[in-house]
Amino acid sequence: MTETTWGRGSTAADPSESTATDQRWQLVAPPLVRRPVRFHRNDPRTALAVDLGKIAAAMSRRFGMGSGGMIGGRLALGLQPKALQKLAIGRRVVMVTGTNGKTTTTQMVAEALRSRAPAVSNATGANMLDGHVAALMTHLDAPFAALEVDELHLAQVTERFGPAVIVLLNLSRDQLDRIGEIRTVEASLRRALAQAPEAHVVANRDDPNIVSAAFDHPNVTWVSGGARWKDDAVNCPRCGAHLGDGDQEWRCACGLARPDAHWTVTDCGLRGPDGRMRPLSLSLPGHVNRINAAFALAAALESGCELAPALERISRVHQASGRYSTVTLSGRTVRLLLAKNPASWLEMLDLVSAHDRPLVLSVNSREADGHDVSWLWDIDFESLRGREVAVTGDRALDLAVRLHYAGVPCRVAGSVEEGLPPEGGEVPDVIANYTAFRDLFARSVAA
C-alpha cells in the first residue's frame, strides 16, 4: 500500500502555500521502506566486530558496569573502523544535533519513525561514533535509525555516510572548556552539511547560528517556535554585524537572512506547510517540548511517515532518559529536570514558574559538565523570588552566592535528599546539571 506525506513538489493550486523561495508543497508518495541491506554478513571482519561488540555490551549490562551503550560500539569500531558506514547501509538515518533538546527530540523522532517500521536509537545518550555503532547493532534489520549526535561530531558522521535527514535544533554556549566558542561549532556544522548534499535538513529559523549553518544547503525545512534565549545570537555568525532581535525578520548585509518557516509552533498548535493549524497536545511539559515535537514531526515526514500516526506517537513520549520523569529517590517522590547551560536553565525555570512546588537546584562542575560555572551569572534566577529553594552539588556555594545577589533566599544542603522539605505537600522539583542529573537518575526508582 502506498503511503503519503507532505513533501516538496513542483506546483500547488493554492498560492498561499508558497514559501519565501517560491517552493510549493503537495502530497507525494515516499519510497517503500525496505529492510537494510546486510552486507556486513558477507564481510567477516564486520560480522566479527558486530558479534563481539554485542557480547561486550551484554556483559557490561550483566555485571552492572553500564548500559552497554558505548563499550560495544567502541569494541566494534576498534575491530572494524568502517563499522558505522557498514551498519548504515540500506537504512534511513535521522541525525539530531544542537546544544539543547537532542535527547528528547531524538526519542520523539524514533517514536514517530516506529509508526511506520522498526527504528533503533541511542536512547542512553551515547552520542558519539561508538554510541551510534552500538545503537545500530541492536536491531540489524530495522530500516530506520534516530541518532543523537554531539555538535562537534556531526562532521565525523557525514565523512562516513550520508544521513537521510539532519535535524539542527539550536546553538548556545555550553562547556566552553571542551566545545569552544559557538562560531567554532557553527563552522563545524556547516562543514558537516557540505559533506551531505543529498541529506534533507530540518533547521531552526529562529537561531541565526543555525540559519548560518544550513543557509547554503539545497534541501532545508525551516521550523519556528520562537527564541527565548537570545544572548548568543545578536550578531551575524558570518560577518559579525549586529542583527538585533532574532525573533524579528532580519537580513544582514553579507546576504544571510532569516528564512520563512515551513512549520510554526504557536499557542494554538502547529501550523504546517499547507497553512493548516493542527492541535499539538503532548505528554511532556513546556513550550520547548512543543518546539522539539515540531522538529521531530518534520523529520519523520521527510522520512516517509504519515502525519497523524507520527504525531500520535510523539504525543505519547512522557520522558527521555529520565528528563521530566517522576521518580522515587531514597523513598521520596521528586520530578527530575535537566538544565546544562543558560539556555536550558531559562526553559526549566520558566517551566517551574507555573507552580510553587518546593525546588532543589544541584550544580556540579566535573569534566562532562565543564569546569567553568561563570555562566550562572547569565541566568535570570530573579524569577525564583518568593520560592522555597535549596541548593546542593559540587558548586552549591557558587550557586548560593548567585541566588543571594538575585534576591532569592536559599539553604545549602549536603545532598538532594537533605535539600528536600519534610514529607507531605506537592512533589518537589529537582533541577540538576548533567552529572548531577545523571547520578540522581542512576540511583532513582521509577515512581
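The values are calculated or read from the model by the stated rules, or taken from the named source; none is laboratory data. Bear in mind that the values here come from a model prediction, so they are computed numbers and not experimental data. As a convention, Cβ positions derive from the backbone with ideal geometry for all residues, glycine included, and neighbour counts pool all protein chains shown. Side chains are part of the model used for accessible areas, which takes the heavy atoms of the whole protein and leaves out ligands, DNA and RNA. Shrake-Rupley method; radii C 1.70, N 1.55, O 1.52, S 1.80 Å.
Show the residue pairs that are 6+ apart or on different chains and have beta-carbon atoms under 8 Å apart, the first residue being within the stretch 201-218 and of a type in the set (Asp, Glu), the second being in a helix (DSSP H, G or I). What qualifies is 216/190; 216/193; 216/194. Of the numbered criteria (1) in a loop (DSSP other than H, G, I, E, B); (2) more than 17 Å from residue 192 (Cβ to Cβ); (3) in contact with a helix residue (DSSP H, G or I) (Cβ under 9 Å, 6 or more places away or on another chain), the one residue 99 fails is (2).
In the set (1) modelled with pLDDT under 95; (2) closer than 30 Å to residue 424 by Cβ; (3) of a type in the set (A, V, I, L, M, F, W, C); (4) open to solvent by 10 Å² or more (accessible area, probe 1.4 Å), residue 329 fails one condition alone, (4). I need the full set of residues from the stretch 239-267 which are at pLDDT 90 or above, touching a Gly at 6+ places or on another chain (Cβ under 8 Å) and either surrounded by fewer than 18 Cβ atoms within 10 Å (Cβ to Cβ) or of a type in the set (A, V, I, L, M) (or both), in order please. If the condition is that a residue be at pLDDT 90 or above, touching a Gly at 6+ places or on another chain (Cβ under 8 Å) and either surrounded by fewer than 18 Cβ atoms within 10 Å (Cβ to Cβ) or of a type in the set (A, V, I, L, M) (or both), then 250, 265 are the ones that fit.
Note on the stretch 287-322: residues that are under 15 Å from the mean Cα position of the chain (by Cα) and either in contact (Cβ under 8 Å) with a residue 60 or more places away in the chain or in a strand (DSSP E or B) (or both) amount to 19. Residues in the stretch 114-145 that are buried (at least 22 other Cβ atoms within 10 Å of the Cβ) and part of a helix (DSSP H, G or I): 130, 131, 132, 133, 134, 135, 136, 137. The residue that is farthest from residue 327 (Cα to Cα), among those in the stretch 403-447 that are without any contact (Cβ under 8 Å) to a residue 24 or more places away in the chain and small (Gly, Ala, Ser), is 414. Taking the stretch 108-125 as the range and being within 13 Å of the chain's Cα centre (by Cα) and more than 27 Å from residue 233 (Cα to Cα) as the test, the residues that pass are 110, 121, 122, 123, 124. Please determine whether any residue of the stretch 146-155 is part of a strand (DSSP E or B) and over 22 Å from residue 54 (Cβ atoms). Scanning the stretch 146-155, I find no residue that is part of a strand (DSSP E or B) and over 22 Å from residue 54 (Cβ atoms), so the answer is no.
Has the stretch 182-196 got at least one residue that is open to solvent by 10 Å² or more (accessible area, probe 1.4 Å), part of a loop (DSSP other than H, G, I, E, B), farther than 30 Å from residue 309 by Cα and at pLDDT 95 or above? Among the residues of the stretch 182-196, at least one is open to solvent by 10 Å² or more (accessible area, probe 1.4 Å), part of a loop (DSSP other than H, G, I, E, B), farther than 30 Å from residue 309 by Cα and at pLDDT 95 or above, which makes the answer yes. Look at (1) touching a helix residue (DSSP H, G or I) at 6+ places or on another chain (Cβ under 9 Å); (2) free of Cβ contacts under 8 Å to residues at least 60 places away in the same chain and you find that residue 254 fails only one, number (1).
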